[in-house]
Amino acid sequence: MAFLELNDVEKSYATNPVLRGITLHVAKHQVVCLIGASGCGKSTLLRCVNALEDIQGGDIRLDGDVVSGEGIDVNSLRRKVGIVFQSFNLFPHMTVLQNVTLSPIRVLGVPRADAEKQAIALLTRVGLAEKADAYPDQLSGGQQQRVAIVRALAMNPEVLLLDEITSALDPELVAEVLNIVRDLAADGLTILMATHEMSFAREVADTVAYIHEGTVLEQGPPADIFGAPQHERTQAFLKKIIEAGRL
Amino acid sequence: MTLKTPPVARPLGVAQPSPVGTARTLLLAGVLLCLLTVGMTGFAAYLTITVAETGVWKTALGAATLVVVVLALLTARPLISGFRQQVASTTAAEAGDLVSARKFRARAAQSGWTALGSCLPLMFIATFTMFLLANDHAVQTTFFDAQFMAQSVGDVTVAFGENIKIALLAEAFVLVWALVIALARLAPSKAGRPLRWLATAYVDVFRAIPSIIVIYLVGFGLPLAGVPILSEMGPMWSAVLALTLTYGAYVAEVYRAGIEGIHWSQVSAARSLGLSYGKTMRHVIVPQAVRKVTPPLLNDFIGLQKDTALVTIIGTVDAFTQAKMYSSNYFNLSSVTVVAILFIIITIPQTRFVDRLLERDARRQLSKG
């Protein structure tokens, strides 16, 4: 059984449907990449998994338990499911260390000293230990996004959602962020990510899902999706990506 | 392939250089205004020295007006250099050097404007001095009687301590109370709706009532109604309560604007880390909002400090009450001027501080691009 399951998930803003019956399974230690045009529903899907948006149909299950709909404990769900955003969203009034330790201290009740020790260990891992006392506006985009990843990891999530985390970065800063994701995937973290980095998806993903207008049009191993896409829309999408020199 | 069409002939007018023009009229206006200023300041100085009463004022004002006369004479300097530039401009124009001619003409005009700009404030000072000395310096003795000011300044300053005490206490309460109201106005979900209504009603009502009315109603009304505890507060605490109620409503709106101004992605980020709504507000949103609203909040506090003078109507012995006692005994308002000066002394540093904060924020916005 899959660790994270989305079964026929439907979501609309007012009368505008965004997700029209998404079914997607992520096994433990798997990396699933969502690809598709902007506005196809990738980000909304991730926000629904984290309960930042509620859904109108279907259900989402984590480790067999339903985690969508009324009456769920969103705060305990979010302890298990971390998310990193396209625009970093670090807290500008806090140092890097405070950003990372805020929720371990305030949500998990970890003693400050332990939280800081863990934070420094994680920051060392992404090469930012010496920036612990810096404020976000003193960091480059790539550094900010690495801190945002560390902030999510500090909660020891069982699943990490990555929402186009390199889209807001200057091209030369993309690699430093992707290297960390590659590292986390190798460590066996379960990752569901929306991305425009096709070569990265081909290299790291176990499964690639092509989302089109709120549905999963096609999914499978990256070799199949990128090598021999079945659906004509997938073919058209990938053709454009190749024309743009992104694959 | 070569172009066959012949080049279009340029219209004649374009080839001619733009005219040099002259700054003569401007400089002449400058001369007239300069002469007028020197005359006015000279007359004001003469009046001060001959008419004003003897003693401190005579020396101080006399010296001050003489400085003004000197300044008025100094406005001739840019005029002289302006005329020199104008002559240079004319010479250059006659020699056919139009570029230099325009340059010197521009400098001459600049000098003329500088002279005009310096004359205006000096004329204002001269007029004000003559106003003070009008009717055998009646205005000066009514508002600025040095001896009487010196006599009252001690008691008025002591009483001003009461204004400062009321202001500081009210400000401390307002900081907390307004945040409570702001958070109530933003209470989430259906359950929070009655709370939102209540807070909105409070803000609407207390922003509508003039603070002098609130002070009057609280200071006299509560004791009259014999409300337990509240009626025994005394005028000082009544004033603190009334000002907290009024300014709480204003500052609540300032806080609300600040909280709503924080981008929703900050809420997403905090909630996604498992922080509850309350913890998100407390650790992420409110600290950022407070930083953002510090300048408008301080502006409201300056207003509050000035409104402490209104407590005179409920018999609190503040600086204004004390000054009025002096002025009614001596039929002279100089003691009230002392109060005004005290308010100026405490307020100006704060307004400058707010300006600096605003500048800093503007710079930050720019640097973020």
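Readers should treat all values here as calculations from the given coordinates under stated rules, not as data from a laboratory. None of these values were measured; they are calculated from a predicted model. Neighbour counts run over all protein chains shown; Cβ positions are idealised from the backbone, glycine included.
For the stretch B:148-368, the Kirkwood hydrodynamic radius from C-alpha pairs, put into Stokes-Einstein at 10 °C and a viscosity of 1.306 mPa s, yields a diffusion coefficient of 82 µm² per second. Quick check: Cα centre of the stretch A:97-166 to Cα centre of the stretch B:86-140, how many Å? Distance between centres, Cα-based: 63 Å.
Dimensions of the stretch B:111-237 along the principal axes, based on C-alpha atoms and rounded to the nearest Å, stand at 68, 45, 23, largest first.
Note: relative contact order over chain A, using C-alpha pairs below 8 Å and six or more positions apart, is 27 percent. Going by neighbour counts of Cβ atoms within 10 Å, the residues A:Glu70, A:Glu164 line up, fewest first, as A:Glu70, A:Glu164. Farthest towards the positive end of the charge dipole of the protein assembly as shown, among the residues A:Ile105, A:Leu24, A:Ser199, is the Cα of A:Ser199, using unit charges on the Cβ of Lys, Arg, Asp and Glu.
Within 10 Å of each Cβ in peptide A:90-101, how many partner chain Cβ atoms are there on average? Round it to a whole number, please.
Per residue, the average neighbour count from other chains is 3.
Counting neighbouring Cβ atoms within 10 Å and putting the fewest first, the residues B:Ile348, B:Ile229 line up as B:Ile229, B:Ile348. A cut-off of 5 Å between modelled amide H atoms, ignoring neighbours fewer than 5 places along the same chain, links A:Asp63 with A:Leu4, A:Glu5.
Rg and Dmax, both from the Cα atoms of the stretch B:171-263 and both in Å, are 14.6, 48. Net charge dipole, the stretch A:163-243: roughly 300 debye, given to the nearest 20, about the Cα centre with Cβ charges of +1 for Lys and Arg and -1 for Asp and Glu. Classify the stretch A:104-239 from the C-alpha gyration tensor, please: rounded if a/c falls under 1.5, else prolate or oblate depending on whether a/b exceeds b/c. Prolate, because a/c is 1.5 or more and a/b exceeds b/c.
Among the helices of chain B (complete DSSP H runs), which have Cα atoms covering no less than 24 Å along the helix axis and a Kyte-Doolittle mean of at least -0.5?
Values: long enough: B:24-51 (40 Å, 1.77); B:56-74 (27 Å, 2.14); B:76-94 (27 Å, -0.11); B:98-143 (60 Å, 0.58); B:146-185 (54 Å, 1.29); B:234-260 (38 Å, 0.67); B:286-307 (29 Å, -0.12); B:334-368 (51 Å, 0.39).
Flagged H segments are B:24-51, B:56-74, B:76-94, B:98-143, B:146-185, B:234-260, B:286-307, B:334-368.
Legend: mean number of C-beta atoms from other chains within 10 angstrom of residue C-beta atoms, peptide A:105-116, equals 1.
Take every residue in peptide A:78-88, count the Cβ atoms of other chains within 10 Å of its Cβ, and give the average of those counts. Mind dumping the intermediate values first?
On the way: counts 5, 2, 1, 2, 3, 5, 2, 4, 1, 4, 2.
Counting Cβ atoms of other protein chains within 10 Å of each residue's Cβ and averaging gives 3.
Over all distinct Cα-Cα pairs of the protein assembly as shown, the Kirkwood formula returns a hydrodynamic radius of 31.7 Å. Remark on the stretch B:19-142: Rg and Dmax equal 19.1, 64 Å (Cα only). Using bins of 10 Å that start at zero, the share of Cα-Cα pairs per bin across chain B amounts to 5, 14, 17, 17, 16, 14, 10, 5, 2, 1, 0, in whole %.
For the stretch B:293-369 and the stretch B:237-278, compute the distance between their C-alpha centroids and round to whole Å. Taking the Cα centre of the stretch B:237-278 as reference, the centre of the stretch B:293-369 is 25 Å away. Charging the Cβ of each Asp and Glu at -1 and of each Lys and Arg at +1, and nothing else, the dipole of the stretch B:19-142 about its Cα centre rounds to 480 debye. The convex hull of the Cα atoms of the stretch A:1-60, projected and averaged over all directions, covers 4.1 nm².
Placing +1 on the Cβ of every Lys and Arg and -1 on the Cβ of every Asp and Glu, with nothing else charged, gives chain B a dipole about its Cα centre of roughly 2140 debye. Dividing the Cα radius of gyration of chain A by its Kirkwood radius returns 0.97 for Rg/Rh.
Shown for B:Thr337, B:Thr157, B:Thr65: other C-beta atoms within 10 Å of each C-beta, ranked fewest to most, produce the order B:Thr157, B:Thr337, B:Thr65.
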